[in-house]
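One structure is given below, encoded as structure tokens.
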Amino acid sequence: MALSRRRHRREIDYWPGFVDALSTLLLAIMFLLSVFVIAQFLLSRDLSGRDNVLDRLNAQIAELNQLLALERSHSGDFQDQIAALRASLAGAETERSRLQTALDEGRSAAPVAGASVGDLQAQVQSEQRVSAQARAQIDLLNQQLSALRQQIAALEDALGASEQRDRESQTQISDLGRRLNVALAQRVQELARYRSDFFGRLREILADRDNIRIVGDRFVFQSEVLFPSGADVLQPAGQDEMRKLADAIIQLNREIPSDINWIIRVDGHTDNVPVSSGRFADNWQLSTARAAAVVRFLVAAGVPPQRLAATGFGEFQPLAAGDDAEARARNRRIELKLTER
């Protein structure tokens with residue numbers, strides 16, 4: 001009987017710690033809900049950005065899924081704890097019944113058993129207090145479980161709303177991308193039409209010249225037409241050709257709509273023979289200087305400078321392979337390309 005009393009006293013000591021653990025858990029849940037509310041506020045404020053909003057929505061959905069899994073795990077723990085308390089309550093009720101039976105038996109015994117009867121009564125009262133505390137804790141846990149279920153339902157609703165906003169954002173982004181692709185395709189087609197007209201006009205202006213030709217989407221001038229060997233100063237014949245080119249570009253600038261951001265790119269190329277002039281360190285520097293000289297001449301002739309760009313490629317973009325004179329002559333050139341900036 002003394003062993004049973006010590007065992008029941010140890011079981012009574014568990015409840016304060018268990019209540020503290022439940023309070024801590026509720027505080028953690030309230031903190032998580034506060035974090036969720038703050039995250040929702042930040043999400044609603046940042047919905048104006050398409051790509052960033054989509055990333056944050058995905059991150060918050062993942063966080064909500066984690067919170068939901070955590071809350072469901074806690075709910076399962078509470079269910080287990082309630083089952084354990086109920087089992088403990090059933091055991092306490094059984095023990096109380098046993099003690100009550102023993103008390104009844106003691107009352108029918110001789111008067112010398114009065115001290116034992118007092119002990120049994122004290123044990124019965126203790127068991128009744130334990131039973132009342134267990135019932136109160138079970139009621140509290142049931143209330144907390146109901147509140148947690150409501151919170152989980154609210155989290156699931158918020159998760160559904162976030163997923164709906166995510167789907168709407170993805171639909172809007174897809175529609176914007178489609179419209180942007182259509183607009184870009186229209187711009188490319190329009191620029192291609194002006195490029196065709198520009199090259200056709202250049203063919204008429206510079207007709208019957210063997211050293212001026214079209215290669216792909218580029219208009220190619222052989223360097224001998226424009227520059228002396230190893231120099232970057234336009235010779236008179238080259239200046240005449242560049243004036244014709246400037247007139248064509250000025251006319252093109254009047255025709256192309258202002259919302260198309262186009263440029264004429266002037267590319268300088270050389271052959272693979274090392275530069276012998278001390279003015280240039282290598283072919284790359286020579287090709288860049290020649291492209292810049294053409295651009296400066298065109299600007300002086302009236303071409304808007306924002307519609308021109310000069311680049312140098314040296315000997316690293318040849319049209320013809322080999323080291324013979326014909327291949328080197330083809331590779332020494334100035335190319336013009338109408339493109340979008």
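Among the residues of segment 253-265, the ones that are in a helix (DSSP H, G or I) and free of Cβ contacts under 8 Å to residues at least 60 places away in the same chain come to 2 in all.
Just to be sure before I move on: is GLU71 of a type in the set (Asp, Glu), under 17 Å from GLU156 (Cα atoms), surrounded by 13 or more Cβ atoms within 10 Å (Cβ to Cβ) and at pLDDT 75 or above in the structure I sent? Here the answer is no, as GLU71 does not meet what is asked. Select from segment 212-234 the residues that are open to solvent by 50 Å² or more (accessible area, probe 1.4 Å) and assigned to a loop (DSSP other than H, G, I, E, B) and write down the one among them that is modelled with the highest pLDDT. So the residue we want is VAL233.
Residue-by-condition table, conditions (1) assigned to a helix (DSSP H, G or I); (2) open to solvent by less than 20 Å² (accessible area, probe 1.4 Å); (3) in contact with a helix residue (DSSP H, G or I) (Cβ under 8 Å, 6 or more places away or on another chain):
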| position | (1), (2), (3) |
| --- | --- |
| VAL273 | no, no, yes |
| GLY278 | no, no, no |
| ALA281 | no, no, no |
| GLN285 | yes, no, no |
| THR288 | yes, no, no |
| ALA292 | yes, no, no |
| PHE297 | yes, no, yes |
| VAL303 | no, yes, yes |
| GLN306 | yes, no, no |
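Just one of the listed residues (ASN52, ASN65) is under 30 Å from GLN172 (Cβ atoms), modelled with pLDDT of 75 or more and either out of contact with any Gly (no Cβ under 6 Å at 6 or more places or on another chain) or surrounded by 15 or more Cβ atoms within 10 Å (Cβ to Cβ) (or both), namely ASN65.
Listed here are the residues, each with its yes/no results for (1) assigned to a helix (DSSP H, G or I); (2) modelled with pLDDT of 75 or more; (3) buried (at least 17 other Cβ atoms within 10 Å of the Cβ); (4) touching a Phe, Trp or Tyr at 6+ places or on another chain (Cβ under 7 Å).
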| position | (1), (2), (3), (4) |
| --- | --- |
| ALA84 | yes, yes, no, no |
| ALA87 | yes, yes, no, no |
| ALA92 | yes, yes, yes, no |
| GLU95 | yes, yes, yes, no |
| ALA109 | no, no, no, no |
| ALA122 | yes, yes, no, no |
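The values are calculated or read from the model by the stated rules, or taken from the named source; none is laboratory data. Quick caveat: nothing in here was measured; it's all calculated off a predicted structure. Positions of Cβ are backbone-derived with ideal geometry, glycine not excepted, and every protein chain shown enters the neighbour counts. Please note that ligands, DNA and RNA were not included when accessible areas were found on the heavy atoms of the full protein model with its side chains. Shrake-Rupley method; radii C 1.70, N 1.55, O 1.52, S 1.80 Å.
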